[in-house]
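Student: Please find one structure pasted underneath; my questions will follow.
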Amino acid sequence: MSIADWISVAAAAIAGVGVFFAIREYRHAVRERIDKKRAELDAVAVAWHPRSVPNQPHGDGTGLWKYEVTVQNPGHFPIRDVVVELQFGLAVQRRHYDGVLDAPRRSLEMEQPVVLPGGSRTWTRNIVLPFEARHQLRNTTADVTFTTSDGTRRTNHMDGRPPTVHGAA
């Protein structure tokens with residue numbers, strides 16, 4: 001074998017090692033993109049808090065709480081068909097702006113067609129419940145169900161459970 005042959009073999013080996021590392025880096029970058037998108041979807045969240053709280057019951061023994069509920073999309077892609085379900089530890093009644101009371105329920109649902117990337121949507125809901133049962137509001141939790149940019153339907157649970165992926169919408 002001549003020196004030119006050795007140089008050719010060495011060059012081929014070096015090129016092979018270079019291709020190996022290029023493929024490895026490409027796979028790593030693809031995995032990072034997938035992980036980043038998953039983290040963004042996992043970060044879609046609901047926050048809720050009472051804006052006003054009664055300090056004593058009304059004459060009928062109930063109290064009126066004004067809740068603010070916000071869904072946030074911190075990702076780089078819009079989410080659509082967004083449904084937020086606020087779940088209470090007891091039956092509550094929603095009081096509408098005109099004073100009409102809904103039938104008692106353990107959950108409230110809010111919908112939004114699209115939440116843009118980095119955006120949020122906030123609702124205000126007035127709820128009526130027996131004043132003496134107010135401590136059960138500590139058991140309130142929420143779910144947000146939405147369709148991702150690739151058409152997958154998923155639910156993020158605000159009670160610590162992992163997200164539920166429902167498949168294509």
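Student: Do we find a residue being out of contact with any His (no Cβ under 8 Å at 6 or more places or on another chain) and crowded, with 18+ Cβ neighbours inside 10 Å anywhere in the stretch 94-105? Let's see the steps before the verdict.
Tutor: Filtering the stretch 94-105 down to residues out of contact with any His (no Cβ under 8 Å at 6 or more places or on another chain) leaves 94-101, 103-105.
From the residues that got through so far, the ones that are crowded, with 18+ Cβ neighbours inside 10 Å too are 95.
Within the stretch 94-105, one or more residues are out of contact with any His (no Cβ under 8 Å at 6 or more places or on another chain) and crowded, with 18+ Cβ neighbours inside 10 Å.
Student: Here are some conditions: (1) under 19 Å from the mean Cα position of the chain (by Cα); (2) outside any strand (DSSP E or B); (3) over 18 Å from V71 (Cβ atoms); (4) not aromatic (F, W, Y). G99 meets all but one. Which one does it not meet?
Tutor: (1)
Student: If you take the residues of the stretch 145-156 that are out of contact with any Ser or Thr (no Cβ under 7 Å at 6 or more places or on another chain) and surrounded by 14 or more Cβ atoms within 10 Å (Cβ to Cβ), which of them is modelled with the lowest pLDDT?
Tutor: So in the stretch 145-156, the residues out of contact with any Ser or Thr (no Cβ under 7 Å at 6 or more places or on another chain) come out as 146-152, 156.
Checking the rest, the ones that are also surrounded by 14 or more Cβ atoms within 10 Å (Cβ to Cβ) come to 146-149, 152, 156.
On the way: F146: 97, T147: 96, T148: 94, S149: 89, T152: 93, N156: 97.
So, considering only residues that are out of contact with any Ser or Thr (no Cβ under 7 Å at 6 or more places or on another chain) and surrounded by 14 or more Cβ atoms within 10 Å (Cβ to Cβ), the one modelled with the lowest pLDDT is S149.
Student: For the stretch 80-90, enumerate the residues that are touching a Leu at 6+ places or on another chain (Cβ under 8 Å) and open to solvent by 50 Å² or more (accessible area, probe 1.4 Å). Steps first, please.
Tutor: Going through the stretch 80-90, the residues touching a Leu at 6+ places or on another chain (Cβ under 8 Å) turn out to be 85-86, 88-90.
Listed by number, the list holds a single entry, E85.
Student: Looking only at the stretch 108-121, which residues are of a type in the set (D, E, K, R) and either touching an Asp or Glu at 6+ places or on another chain (Cβ under 6 Å) or surrounded by fewer than 18 Cβ atoms within 10 Å (Cβ to Cβ) (or both)? Give the derivation first.
Tutor: Restricting attention to the stretch 108-121, the residues satisfying the condition of being of a type in the set (D, E, K, R) are 109, 111, 121.
Residues satisfying the conditions are E109, E111.
Student: Step by step: first the residues of the stretch 46-79, then only those that are more than 30 Å from R33 (Cβ to Cβ) and among the β-branched types (V, I, T), then the one that is surrounded by the fewest Cβ atoms within 10 Å (Cβ to Cβ). Which residue is that?
Tutor: Taking the stretch 46-79 as the starting set, the residues that turn out to be more than 30 Å from R33 (Cβ to Cβ) are 48-69.
So of that shortlist, the ones also among the β-branched types (V, I, T) come out as 53, 62, 69.
Details: V53: 13, T62: 19, V69: 18.
If we take residues in the stretch 46-79 being more than 30 Å from R33 (Cβ to Cβ) and among the β-branched types (V, I, T), then V53 is surrounded by the fewest Cβ atoms within 10 Å (Cβ to Cβ).
Student: Taking the stretch 122-133 as the search range and keeping residues that are more than 19 Å from the chain's Cα centre (by Cα) and open to solvent by 60 Å² or more (accessible area, probe 1.4 Å), which one is farthest from R106 (Cα to Cα)? Reasoning before the result, please.
Tutor: Keep residues of the stretch 122-133 that are more than 19 Å from the chain's Cα centre (by Cα), which gives 125-133.
Filter once more, so that each one left must be open to solvent by 60 Å² or more (accessible area, probe 1.4 Å): 130, 132.
Values: P130: 13, E132: 17 Å.
Ranking the candidates gives E132 first.
Student: Follow-up question, since we're still on this one. Can you tell me which residues in the stretch 102-146 are more than 19 Å from V71 (Cβ to Cβ) and free of Cβ contacts under 8 Å to residues at least 40 places away in the same chain?
Tutor: Passing the criteria: D102, A103, P104, R105, R106, H135.
Student: If you go through the stretch 107-119 one residue at a time, do you hit one that is in the same structural domain as R153 (by the TED database), in contact with a Pro (Cβ under 8 Å, 6 or more places away or on another chain) and not in a loop (DSSP other than H, G, I, E, B)?
Tutor: Yes: one or more hits.
Student: Tell me, which residue of the stretch 134-144 that is of a type outside the set (D, E, K, R) and surrounded by fewer than 16 Cβ atoms within 10 Å (Cβ to Cβ) is nearest to the chain's Cα centre (by Cα)?
Tutor: Residues of the stretch 134-144 of a type outside the set (D, E, K, R): 135-137, 139-142, 144.
Still in the list and also surrounded by fewer than 16 Cβ atoms within 10 Å (Cβ to Cβ): 135-136, 139.
Numbers: H135: 26, Q136: 24, N139: 19 Å.
This residue is N139.
Student: Pull out all pairs, ordered by first then second residue, where Cβ-Cβ is under 7 Å, the residues are six or more apart or on different chains, the first lies in the stretch 73-92 and is touching a residue at least 12 places away in the same chain (Cβ under 8 Å), and the second is open to solvent by 20 Å² or more (accessible area, probe 1.4 Å) and of a type in the set (F, W, Y).
Tutor: Cβ pairs passing all conditions: L86/W48.
The values are calculated or read from the model by the stated rules, or taken from the named source; none is laboratory data. Predicted model only: the values in this text are computed from it and were never measured. When we count neighbours, we look across all protein chains shown, and the Cβ atoms used for this are built from the backbone with ideal geometry, even at glycine. What goes into the accessible areas is simple: the full protein's heavy atoms, side chains included, and nothing from ligands, DNA or RNA. Shrake-Rupley method; radii C 1.70, N 1.55, O 1.52, S 1.80 Å.
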